[in-house]
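Notes for the one structure printed next.
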Amino acid sequence: MKIGTWIGLLALISGISANAADVRRMVLKNGTEMRGQLLRERDDAVLIDLGFTVLSVPRTEIASLEKVADAQALVASATTGEDIYFIEPNREPLAVEKNVERVAEAVVQIQTASGLGSGFIINKLGYVITNQHVIAGEREITVMVYRKRPGGLEKQVFTKVKIIAMNGFLDLAILQIDDPAAESLPFVPMGDSDALTQGQHVFAIGSPLGLERTVSQGIVSIKARESGGRWYIQSTTQINPGNSGGPLFNSRGEVVGVNNMKSAGIGVEGLGFSIPANVLKLFLKNRDAFAFDPRNPNAGFRYLPPPATAETKVETPKEP
């Protein structure tokens, strides 16, 4: 029997009508997210059609169940996302080692004259996300990509990199690899940071201390921790200098945060902080407000000379 016929019979037996507009977003307690047509709600379980199969999910495993307002918008978002980023509904959760295989090529190392950091590609235009402090004050930026080739990895170095937008308060920046080869580079989907739950497993990929392609894993300690007027995802994932600007992934291989900083000190460990992906989405949607134009001295950020110290201050001779 065809799956469509089976769904129709299931709807008839359950005493419901298949309503294409009744699309729900379900988040499980382990962090897995799925979207599909609601078939039936029972006291002990929820039946949901994912398009290729029907699941009966126990109520005890569901963290939240929300109605999606526009099913057509959901279908459109499966390929293009809300704006310049990409989302993939119903993406399959995988173990960390399998996730690394499918997302690692989109994680890049960013090099400047003063240091290095991490970043990740979000679309086929070669747009790269990183922290603003990684590229602040720099005009010559290099992006290094690690591609899988038969027999090993190959480094691709891109030296033509433009600054599209940056915001110092949010500590976010958008770069673009200005090269036709950028169209063939892999990119990663964006996730929903609001759907994170305490204890959920997450992992990071980046270049801590310049050690490229480093993977670290942890759990979400709390999904909203305030610091300096901003809020962060606090996790036990190891974040070190060089991880800045790199992605924090969930079990579906979606970016749920931008790694930003850690708390350091004697006896301090397991305190990593990431900018939530939903904050990044707002920054991307409003990127024109933070557009960088090197020809305009009032655009972007201006760096004033430091105040003179007692050693460098020159006093004007007084009149006799």
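Bear in mind that the values in this text are calculations on the coordinates, not laboratory data. Note that this is a predicted model, so its numbers are computed, not measured. Positions of Cβ are backbone-derived with ideal geometry, glycine not excepted, and every protein chain shown enters the neighbour counts.
Suppose R0 equals 35 Å. What FRET efficiency, 1/(1 + (r/R0)^6) with r the Cβ-Cβ distance, do A63 and A181 give to the nearest 0.05?
After rounding to 0.05, the efficiency reads 0.25.
What is the gain in length, in nm to one decimal, between D288 and Q198 on full extension, counting 0.36 nm per residue of separation less the C-alpha to C-alpha distance?
Net length gain for the segment: 29.0 nm.
Once you order the gyration tensor axes a ≥ b ≥ c over the Cα atoms, which shape class does region 193-284 get: rounded for a/c under 1.5, otherwise prolate or oblate by comparing a/b with b/c?
rounded
Any number yet on Rg/Rh for region 96-184, C-alpha, Kirkwood?
0.98
Run the simple label-point estimate for R42 and A95 please: 7 Å along Cα→C-beta, distance reported in nm.
Roughly 3.2 nm, to one decimal.
Within region 94-112, list the residues whose amide N lies under 19 Å from a label point set 7 Å along Cα→Cβ of L209.
The answer is 109-110, whose backbone nitrogens lie closer than 19 Å to the label point.
How far apart, in nanometres, would the label points at L50 and Q217 be if each is projected 7 angstrom from Cα along the Cα-to-Cβ direction?
Output for this residue pair reads 2.1 nm.
Which order do the peptides 240-247, 136-143, 190-197 come out in when sorted by mean C-beta neighbours inside 10 angstrom, highest first?
Top of the packing list down: 240-247, 190-197, 136-143.
Determine ³J(HN,Hα), in whole Hz, for all residues of region 124-141 in sequence, where each value follows from phi through the Karplus function 6.51 cos²θ - 1.76 cosθ + 1.60 and θ = phi - 60°; x replaces Gly and Pro.
6, 7, x, 6, 10, 9, 8, 7, 5, 5, 5, 10, 4, x, 9, 10, 10, 10
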